[in-house]
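Take a look at the structure set out below.
The values are calculated or read from the model by the stated rules, or taken from the named source; none is laboratory data. Model, not experiment: these values are computed from the prediction. Positions of Cβ are generated from backbone atoms using ideal geometry, with glycine treated the same way; all protein chains shown enter the neighbour counts.
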Amino acid sequence: MFENITPLLVHWGITALSLWVASHVFGGIRFADNSSLWVSALLLGFANSVVKPLLIVLTLPLTVLTFGSFLLVINALMVLLVAKLVRGFTVSGFWTAFFASLFIALFSLLLEALVPGGSAHHRIEMPHSGIWL
């Protein structure tokens, strides 16, 4: 029952660490306290897993037209959305969110590759029956 909770907690911690580092790299990102950092990391993970796919589907023609570059804008919008929802988390503007979301994505990817049990270590295997669904 709890075997799936460890990767979730690891991912949450990596997201929180990435947000914390981004707040020190980019002057336009601030957290009032640790609780706003942890809530922001949790909500950013939720937004990336629920809201972001919906936005990707809705903006698919624009994403195709820009050869995928519009996905960077969607990442920035996710950071701005979380900043609007979490009291104590402020982002100064779109461009700060844009470059910070790029930094957060790359830094999280690096950390997940280094941490045992991170999502970078999950393998996708074809079912033995050959049927995917």
Could you list, in sequence order, the residues of the stretch 110-126 that are modelled with pLDDT of 70 or more, surrounded by 11 or more Cβ atoms within 10 Å (Cβ to Cβ) and closer than 14 Å to Pro7 by Cα? Leu111, Glu112, Ala113, Val115
If you go through the stretch 55-78 one residue at a time, do you hit one that is crowded, with 18+ Cβ neighbours inside 10 Å, in contact with a Lys or Arg (Cβ under 9 Å, 6 or more places away or on another chain) and β-branched (Val, Ile, Thr)? yes
Out of the stretch 82-97, which residues are touching a residue at least 24 places away in the same chain (Cβ under 8 Å) and surrounded by fewer than 18 Cβ atoms within 10 Å (Cβ to Cβ)? Leu85, Arg87, Gly88, Thr90, Ser92, Gly93
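Residues checked against (1) under 12 Å from Ala22 (Cβ atoms); (2) among the β-branched types (Val, Ile, Thr):
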residue: Leu54; (1), (2): no, no
residue: Val57; (1), (2): no, yes
residue: Val64; (1), (2): no, yes
residue: Gly68; (1), (2): no, no
residue: Val79; (1), (2): yes, yes
residue: Gly88; (1), (2): no, no
residue: Gly93; (1), (2): no, no
residue: Thr96; (1), (2): yes, yes
Condition first: in contact (Cβ under 8 Å) with a residue 24 or more places away in the chain and of a type in the set (Gly, Ala, Ser). Now tell me which residues in the stretch 28-57 satisfy that. Gly28, Ala32, Ser35, Ser36, Ser40, Ala41, Gly45, Ala47
I need the full set of residues from the stretch 20-46 which are in a loop (DSSP other than H, G, I, E, B), surrounded by 14 or more Cβ atoms within 10 Å (Cβ to Cβ) and among the small types (Gly, Ala, Ser), in order please. Gly28
When the residues of the stretch 1-13 are filtered to those that are more than 10 Å from the chain's Cα centre (by Cα) and in contact (Cβ under 8 Å) with a residue 40 or more places away in the chain, which remaining residue is farthest from Ala105 (Cα to Cα)? Thr6
Considering the stretch 94-108 alone, what residues qualify as being closer than 16 Å to Phe31 by Cα, under 10 Å from the mean Cα position of the chain (by Cα) and either small (Gly, Ala, Ser) or not in a helix (DSSP H, G or I) (or both)? Ser101
So, Asn75, is that one modelled with pLDDT under 90 and of a type in the set (S, T, N, Q) or not? no
